[in-house]
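What follows is a single structure, written as structure tokens, with notes after it.
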Amino acid sequence: MRKTLLAVVFGGLFVMTGSLTASAQTKPYAPEGPLTCLKCHNDQQQAPVLSSVHGVQGDSHSPFAQHGCESCHGPSPEHLSSRTAAPGVLFNGKFASPPDVQNQQCLNCHQAGLRMNWQGSQHANNDVACASCHTIHVRKDPILVKVSQPAKCFTCHTEQRSDSFKFSHHPIREGKVVCSDCHNPHGSPGPKLLKEVTVNETCYNCHAEKRGPLLWEHLPVRENCLNCHTPHGSNQARLLTERPSFLCQDCHANSGHQSAILSGAQLNSTKPGLPYKVFPPTGAAVTNFRAFARGCVNCHSQIHGSNNPSGAYFTR
Ligand code: HEC
Ligand code: HEC
Ligand code: HEC
Ligand code: HEC
Ligand code: HEC
Ligand code: HEC
Ligand code: HEC
Ligand code: HEC
Ligand code: HEC
Ligand code: HEC
């Protein structure tokens with residue numbers, strides 16, 4: 001029994017993929033629409049689709065105002081005449097239709113809007129199906145709900161899951177921020193499926209005060225927030241990629257107090273105008289105070305830029 005079922009399903013799939021576009025147009029839909037299918041499929045597994053947005057008959061765009069189940073599962077005359085033959089399109093399981101065949105069913109109605117850049121996107125190119133993220137036979141699709149969305153993404157993106165446990169992280173686990181606040185998983189003209197065309201534009205959506213324009217700009221901030229921050233999680237405070245003194249020294253290490261920050265040698269400096277002058281020279285290589293706590297940011301507190309007339313060094 002099992003063997004024949006498999007054989008027939010295989011046969012069906014072969015025919016289906018071979019002539020899908022032709023068959024979708026030429027095969028007849030069930031005479032009584034979804035009622036035909038519901039005669040057998042009215043259990044708790046399939047029926048909830050009727051109380052989801054797709055079940056709204058009053059909306060002329062919805063599947064149930066069109067071909068019902070077959071708007072997604074494709075015309076399925078073989079399945080109706082022989083229960084062992086699969087329906088036109090299968091979304092799950094071992095015999096699932098190829099991802100692009102599945103996705104086309106959904107794109108027939110959902111090509112526009114957020115999906116404008118679906119074709120050629122990272123998910124489309126890697127055979128991720130709409131149904132890998134979306135669940136249809138439920139009242140409310142969990143990926144559209146803030147608290148349940150990340151769990152779905154984490155099933156494939158384990159690195160971001162572990163980032164979310166780090167000391168400093170966007171409040172994703174806390175249900176305040178979701179992946180789709182920053183990403184459009186359907187495709188993007190920008191890098192890394194970001195919602196906006198650049199990293200900074202994405203960040204400004206919520207951290208608007210960082211947008212400027214400012215009297216004194218710190219160039220790396222304007223260029224890319226990720227010069228100093230990591231988006232998903234860090235074991236340094238404030239999602240920083242490194243501790244402030246090291247972080248700053250990646251770029252500011254050529255001269256002056258910033259290059260000697262960890263040596264203590266500068267404590268003896270008498271160069272006028274610099275802050276360490278006020279400390280009595282000890283002659284000893286004591287731990288440099290500029291490495292304490294927030295390091296350089298103890299003084300350069302307006303690190304994202306300043307609007308103060310004397311804020312050229314981001315100290316106020
Ligand atoms: C006469 C009863 C009957 C009718 C009518 C019927 N089905 Fe089925 N369908 C079945 C049975 C039996 C199975 C296989 C057993 C199972 O449910 O696991 C099945 C399986 C399926 C599956 C899953 C296949 C798989 O391999 O996982 C889908 C999808 C499906 N049917 C869709 C439809 C659609 C769409 C219609 C209407 C066009 C429809 N069915 C009409 C009885 C029916
Ligand atoms: C909006 C598109 C859509 C409509 C309409 C729809 N389905 Fe489905 N169906 C799916 C998707 C996607 C899955 C995969 C599981 C999920 O997302 O819940 C699925 C899964 C199934 C399954 C289980 C087999 C599997 O692949 O997991 C059956 C059986 C089924 N559908 C039957 C039906 C019947 C009967 C109807 C009409 C009452 C219907 N479907 C209407 C998209 C749809
Ligand atoms: C016959 C047209 C049609 C097909 C086919 C179709 N949908 Fe829809 N879908 C709609 C309509 C109409 C709505 C409700 C209005 C809207 O949000 O655009 C909707 C809404 C949705 C929503 C939002 C749900 C919510 O709760 O707000 C998701 C997600 C979705 N569809 C995914 C899918 C996926 C995945 C498929 C393929 C398995 C699919 N749709 C197939 C017409 C369709
Ligand atoms: C990688 C996961 C993922 C994949 C793959 C995916 N989606 Fe979505 N989809 C989401 C998320 C997350 C949202 C919620 C977006 C938001 O709130 O901004 C969403 C929202 C939607 C919506 C409702 C919002 C709207 O646009 O009106 C529709 C419809 C939809 N997706 C259709 C599709 C279709 C069709 C496909 C396949 C071509 C697809 N999705 C593939 C994750 C995905
Ligand atoms: C079924 C597995 C799967 C699910 C679920 C999934 N993804 Fe993906 N995602 C992939 C694959 C495969 C790629 C492409 C390979 C890669 O870059 O890791 C990818 C790529 C990405 C990228 C782009 C990476 C790059 O280097 O350009 C982002 C961003 C992303 N996914 C976010 C999400 C979000 C957000 C969700 C949940 C809404 C999600 N993904 C759900 C499998 C998945
Ligand atoms: C605060 C905004 C934000 C949130 C929330 C967010 N991301 Fe990202 N994500 C980004 C940025 C920015 C990048 C680009 C990183 C880069 O270029 O190094 C990125 C990159 C990625 C990548 C590609 C990784 C790589 O190193 O190439 C994946 C996958 C990803 N994100 C998945 C997710 C998932 C899954 C979630 C939800 C759990 C999520 N993101 C939440 C902003 C965010
Ligand atoms: C959807 C809104 C949203 C977006 C978009 C967003 N953030 Fe956030 N960000 C938040 C929230 C909420 C917090 C937590 C604030 C709190 O705890 O007081 C936060 C906190 C932070 C923190 C401080 C973390 C800490 O440990 O105190 C940094 C740094 C940060 N975000 C950087 C970024 C960067 C960089 C981007 C762009 C890649 C970005 N954010 C995009 C909402 C967002
Ligand atoms: C030159 C490195 C650098 C760049 C680039 C940078 N930041 Fe920061 N950011 C920091 C440092 C250092 C802190 C910690 C400040 C502190 O401890 O007072 C911080 C803290 C934050 C905080 C939490 C405290 C606050 O000020 O609200 C947010 C949010 C933030 N950054 C967002 C951003 C955004 C958005 C961008 C891009 C527009 C960005 N940062 C670019 C270095 C940087
Ligand atoms: C990615 C490289 C980079 C990082 C990281 C970075 N900066 Fe800068 N910083 C710059 C550049 C470029 C300028 C502009 C220099 C100029 O105009 O000559 C600048 C300017 C400054 C200035 C103003 C100096 C002047 O001569 O106008 C101060 C003060 C400063 N940075 C402090 C910091 C501190 C503190 C940190 C760590 C929190 C830091 N920077 C991290 C690249 C960086
Ligand atoms: C105790 C306070 C303090 C600490 C800590 C501090 N700075 Fe400064 N920094 C200043 C002041 C004040 C100026 C303005 C100097 C002047 O007027 O010449 C300045 C000037 C600068 C300048 C621009 C002038 C120059 O010498 O090129 C840079 C760049 C700079 N700091 C980087 C850093 C870095 C990087 C760190 C951490 C490794 C750091 N600072 C730690 C107070 C501090």
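Points worth noting:
- For the range 103-121, a residue qualifies if it is within 17 Å of Glu196 (Cα to Cα) and surrounded by 16 or more Cβ atoms within 10 Å (Cβ to Cβ), and the qualifying residues are Arg115, Trp118, Ser121.
- Residue match in the range 202-225 (condition: within 25 Å of Asn126 (Cβ to Cβ), under 18 Å from the mean Cα position of the chain (by Cα) and not in a helix (DSSP H, G or I)): no
- Residue satisfying all of: in the range 20-50; at pLDDT below 50 and more than 35 Å from the chain's Cα centre (by Cα); surrounded by the most Cβ atoms within 10 Å (Cβ to Cβ) among these: Ser23
- As a summary of the residue check, Thr230 satisfies the conditions (1) at pLDDT 95 or above; (2) on the phi > 0 side of the Ramachandran plot except for the one numbered (2).
- Selection of first residues in the range 181-194 that are farther than 18 Å from Leu144 by Cα and of second residues that are hydroxyl-bearing (Ser, Thr, Tyr), restricted to Cβ pairs under 7 Å at least 6 apart or on distinct chains, gives the following pairs, ordered by first then second residue: Gly190/Thr198.
- Residue within the range 124-132 that is without any contact (Cβ under 8 Å) to a residue 12 or more places away in the chain, farther than 20 Å from Val53 by Cα and assigned to a loop (DSSP other than H, G, I, E, B) present: yes
The values are calculated or read from the model by the stated rules, or taken from the named source; none is laboratory data. Everything numeric here is computed off the predicted structure, so don't read it as measured data. Note: ideal-geometry Cβ built from the backbone for every residue, glycine included; neighbour counts use all protein chains shown.
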